[in-house]
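Below is one structure, written out as structure tokens, with a few remarks after it.
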Amino acid sequence: MSPFLAGVLCALGGYLLGTVLGGSLMARLRGVDLRSSGSGNVGATNALRAGGARLAIPVLAIDIGKGVLAVLLLPWLLGGAANPEPLGFIAGVAAAVGHCYPVWTGFRGGKGVATLAGVFAVLLPGIFAIMLGVFLLTALATGYIGLASTLAAVTAVACGLIVPADQLPDGAAPFVMAMAALVIFKHRENLQRLLQGTEVRMERIALLRRWLIRNRN
């Protein structure tokens, strides 16, 4: 198979995997309408608001899992096992785009963070570990998931700029830049509300914030 055809098929397969929205699947099984609850988003954060951890955890697992599946399975199926990174990045980008803009729901999907977490965990585990640390620290300290996601994306860009190019897989730098831009773009309304002081805080996960307030008083 030619590299061009393998790339096209990887992009198509990744996109189709990305359109499988964990929030939509679990909401139907649990009889919850995420579109009319909370922020109206189909991601794990809104699932946590609407149905608690019992709904949010399966949603998160599905959305992360499809990112992992896209970058592991598709290159292998298309004969890229010897050099999987280029096809993996193509599949990862496509899976994130499919999650954010699924054709089946009028291109109204999630924000791509969980799916990209699965992609980064497989393809760029070192950068992912740093991103995850920044995300968790920000979420626990502030309760703002949008802010945590944005800072994790900025962290990925910083890591991509700091790490020497010869220590990254081929295609890693443009992948990191493009996916960070996608995450920030998808969270633009959250950032605007944060600046206006109207962003909704997830108090149940702001454990560090509550601990600091309790010990300060």
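The values are calculated or read from the model by the stated rules, or taken from the named source; none is laboratory data. What you are looking at is a predicted structure, and each value in this text was computed from that prediction instead of being measured. For neighbour counting, all protein chains shown are included, and Cβ atoms are generated from backbone atoms with ideal geometry for every residue, glycine included.
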Might you check whether a residue that is surrounded by fewer than 22 Cβ atoms within 10 Å (Cβ to Cβ) and within 30 Å of Arg35 (Cα to Cα) occurs anywhere in the range 67-83? yes
Of the residues in the range 101-126, those that are surrounded by fewer than 22 Cβ atoms within 10 Å (Cβ to Cβ) and in a helix (DSSP H, G or I) come to Val103, Trp104, Thr105, Ala117, Ala121, Val122, Pro125, Gly126
I need every pair where a residue in the range 192-211 that is within 19 Å of Thr150 (Cα to Cα) has its Cβ under 7 Å from the Cβ of a residue that is surrounded by fewer than 12 Cβ atoms within 10 Å (Cβ to Cβ) and β-branched (Val, Ile, Thr), sequence separation at least 6 or different chains. none
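Condition first: part of a helix (DSSP H, G or I) and under 20 Å from Ala44 (Cα atoms). Now tell me which residues in the range 166-193 satisfy that.
Residues satisfying the conditions are Met179, Ala180, Leu182, Val183, Ile184, Phe185, Lys186, Arg188, Glu189, Asn190, Leu191, Arg193.
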When you check Met202 against the structure, is it in contact with a Lys or Arg (Cβ under 9 Å, 6 or more places away or on another chain), surrounded by 11 or more Cβ atoms within 10 Å (Cβ to Cβ) and either under 18 Å from Gly110 (Cβ atoms) or of a type in the set (A, V, I, L, M, F, W, C) (or both), yes or no? yes
Please tell me if Phe107 is within 17 Å of the chain's Cα centre (by Cα) and not assigned by TED's automatic domain parsing to the domain that holds Ile57. no
Scope the range 169-203; condition of a type in the set (Gly, Ala, Ser) and out of contact with any helix residue (DSSP H, G or I) (no Cβ under 6 Å at 6 or more places or on another chain); matching residues: Ala172, Ala178, Ala181, Gly197
